[in-house]
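Okay, so here's the structure we're looking at.
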Amino acid sequence: MTIPFLVEMGYDKVWAAGMIATSGGLGVIIPPSIPFVLYSLATGVSTGALFLGGVLPGIAIGLGMMVYAVWYCKKHGEDKEKINAKMKELRDKGLFNLFKESFWALLSPVIVLGGIYSGYVTPTEAACISVFYSLFVSLVVYKTFTVKEIIPFLAKAVRTYAPLCFVLAFAIAFGRVLALAKAPIIIEKFILDNFSTGVSVLTAVVIVFLLLGMVMDTGPAIVILAPILLPAVQALGVHPVHFGVIMVCCLSIGLATPPFGLDLFVAGTLSDTPPMIVAKKAIPFIIAFGIVLFVITYVPWLSLALL
């Protein structure tokens, strides 16, 4: 929805795709977040605490990318005529009418987050509720598709997520093998013998995760590495929620970095542009993302303030 909207207002299509590809990583940081749920399942850390821990870092990263976006638009200029025409169209509808049209869609995240934070439902149950709620709203309120189209949608969902289920299954099995081979103890001993402070170990961990994010999917990386590394970093005084936030932030950058950045391929497909071309426009956004990431790493307050 956003790339055609930005192009319609005169923005460069490839730049818009690069921005969307990078900012898409915020979806796994700001709750509700599947990677945080996976980290919680792998380590036993509270899902609710992880969700709260991701709020301020997600906002900080978003602000960092906004600063670059504003600078880029100031330098290269904007088509004010097209932007003003679109804004006039929206203003003519009126805030109340726009809100009324969007109300039932906006209610979905309210139901999900409200149910989780109030303790009435678990994150998994909230996900199920959101699916059935979205189906009801789409079929009855907005009428964007018919009952006959549900089966093709379900088939597409299975084709999309079935491979991920197999990857996660093998990742969990691999994690069990590493545990039986006492890999966590070996790695913990290596970290404790070579790093004496939490700052030094976090620096090494960030570099490793940034490299892994380029070639490894977020889910398997968390399931395999989180149980191995958490005991070692905890021994050096790193809070488990802070470590989880750092891990997810690092791996989320990988969604927009070559050679296997999933968001690059999605944005490239939607904009009819080769992923590597999109990656060139995404680099400044990735740099802005990375600068804020190091602030998050060395300022635990951002991850722990809301707990």
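What follows draws every value from the coordinates through simple rules; no lab data is involved. This one's a predicted model, so the numbers in the text were calculated from it and none came from an experiment. Every residue, glycine among them, receives a Cβ derived from its backbone with ideal geometry; neighbour counts consider all protein chains shown.
Values for this structure:
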quantity: Identified option (computed Cα Rg over 2.2 N^0.38 Å; candidates (i) 0.94; (ii) 1.09; (iii) 1.04); calculated: (ii)
quantity: 11 Å reach of a label modelled at LEU307, 7 Å along Cα-to-Cβ, counting backbone N of the stretch 234-262; calculated: 238-245
quantity: Cleavage-rule hits, chymotrypsin sites (Phe, Trp or Tyr not before Pro), the stretch 47-128, DSSP coil, Cβ neighbours within 10 Å at most 16; calculated: TYR120
quantity: The stretch 75-155, relative contact order [Cα under 8 Å, separation at least 6], %; calculated: 19
quantity: For a label point 7 Å along the Cα-to-beta-carbon line of SER108, residues of the stretch 6-46 with backbone N under 18 Å; calculated: 24-35
quantity: Segment GLU149-LEU95, extension gain: residue separation times 0.36 nm, minus the distance between their alpha carbons; calculated: 16.2 nm
quantity: The stretch 281-295 and the stretch 16-92: distance between their alpha carbon centers, rounded to Å; calculated: 12
quantity: Rounded FRET efficiency, nearest 0.05, which uses the C-beta distance separating ILE186 from TYR298 and R0 of 25 Å; calculated: 0.35
quantity: Residue with peak Gaussian network fluctuation, the chain [Cα springs, cutoff 10 Å], from LEU63, LEU95, LEU251; calculated: LEU95
quantity: Within-13-Å neighbourhood charge of LEU6 [Cβ basis; K, R +1; D, E -1]; calculated: 0
quantity: Cross-link pairs beyond the 24 Å C-alpha cut-off, checked among LYS86/LYS148; LYS80/LYS100; LYS156/LYS281; LYS80/LYS143; LYS74/LYS281; LYS80/LYS280; calculated: LYS86/LYS148; LYS80/LYS100; LYS156/LYS281; LYS80/LYS143; LYS80/LYS280
quantity: Computed lengthening from PHE166 to THR197, 0.36 nm per intervening residue step minus Cα-Cα distance; calculated: 7.4 nm
quantity: Sequence-distant aspartates and glutamates (8 or more away, or on other chains) whose Cα lies within less than 14 Å of LYS93; calculated: GLU101
quantity: Förster radius 35 Å - calculated FRET efficiency between THR269 and TRP71, Cβ distance, rounded to 0.05; calculated: 0.80
quantity: The chain - percent relative contact order, Cα under 8 Å, separation 6 or more; calculated: 33
quantity: Ascending count of other beta-carbon atoms within 10 Å, so fewest first, for HIS239, HIS76; calculated: HIS76, HIS239
quantity: Contour excess over end-to-end distance, with Cα ends at GLU8 and VAL158 and 0.36 nm allotted per residue; calculated: 50.7 nm
